[in-house]
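Take a look at the structure set out below.
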Amino acid sequence: KFVNFSTPEVYGDTLKIVDENDNFNPSTPYAISRTAADTYLKKLSNLNGFPAIITRTANVYGPYQDLYRVIPRTIINLVRKKKIELDGQGQVIRSFIHIDDVNKALYKILYKGKIGETYHISTDEFVTIKTLCLQIAKILELKKFKVVYRKERLGKDKRYKLGTKKIKKLNWRYQISLKDGLNDTVRW
């Protein structure tokens, strides 16, 4: 099996929860390139039997993540008493999924996933980036910290909301809540 790790960015800004067969509406060059790859693999699988499975995963986090990502960067800045920089007003909505849940999902997909299918790997906990940073500050028991708002990046989608009906049919559900996963990551 060839498992392609794709992105919710192929859908563009999702006002509602999207399923695996919703139309693409990419809004950045990166998202367009991922849309092209997904479309190519889907056609290769359907027409030539190439054993592709596509996954689209919410924002993955956990211990050992690259430090430039929002969660470890926020933790480090808060611990060092540095400012938190948020694009826009921090109102972008995302789902964050712990790496341990992602690994369990990939295991299910590898052994039970159907060739040619697409599976979303996500939680049903959707938060703004600002709320995420406040949750981290609460775990660190910080009452005061400085937030600086930067201009929103061009083309940035406001929200990604992935439905997970197909992967639930493989008997998978996320187990680690955002609160517990953040605690785990802060301890790291």
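So ILE54 clears everything in (1) in contact with a Ser or Thr (Cβ under 6 Å, 6 or more places away or on another chain); (2) among the β-branched types (Val, Ile, Thr); (3) farther than 30 Å from LYS114 by Cβ except one condition, right? Which one?
Evaluating ILE54 over (1) in contact with a Ser or Thr (Cβ under 6 Å, 6 or more places away or on another chain); (2) among the β-branched types (Val, Ile, Thr); (3) farther than 30 Å from LYS114 by Cβ leaves (3) as the failure.
What number of residues within the stretch 142-188 are touching a residue at least 60 places away in the same chain (Cβ under 8 Å), in contact with a helix residue (DSSP H, G or I) (Cβ under 9 Å, 6 or more places away or on another chain) and not in a loop (DSSP other than H, G, I, E, B)?
Going through the stretch 142-188 one residue at a time, the tally reaches 9.
When the stretch 109-141 is examined, which residues are found to be in contact (Cβ under 8 Å) with a residue 60 or more places away in the chain, in a helix (DSSP H, G or I) and under 23 Å from VAL3 (Cβ atoms)?
Correct list: ILE109, LEU110.
With respect to GLN65, determine if the residue is polar (S, T, N, Q), closer than 27 Å to GLU152 by Cβ, open to solvent by less than 40 Å² (accessible area, probe 1.4 Å) and assigned to a loop (DSSP other than H, G, I, E, B).
The answer is yes for GLN65.
Taking the options ILE121, ILE84, ILE167, ILE99, name whichever one is in contact with a Cys (Cβ under 6 Å, 6 or more places away or on another chain) and surrounded by 14 or more Cβ atoms within 10 Å (Cβ to Cβ).
One residue alone meets the criteria, ILE84.
Just to be sure before I move on: is TYR11 over 23 Å from TYR107 (Cα atoms), hydroxyl-bearing (Ser, Thr, Tyr) and buried (at least 16 other Cβ atoms within 10 Å of the Cβ) in the structure I sent?
Considered against the rule, which asks whether it is over 23 Å from TYR107 (Cα atoms), hydroxyl-bearing (Ser, Thr, Tyr) and buried (at least 16 other Cβ atoms within 10 Å of the Cβ), TYR11 comes out as yes.
The values are calculated or read from the model by the stated rules, or taken from the named source; none is laboratory data. All figures in this text were calculated on a predicted structure; none of them were measured in a lab. When we count neighbours, we look across all protein chains shown, and the Cβ atoms used for this are built from the backbone with ideal geometry, even at glycine. Note: areas computed on protein heavy atoms with side chains; ligands, DNA, RNA excluded. Shrake-Rupley method; radii C 1.70, N 1.55, O 1.52, S 1.80 Å.
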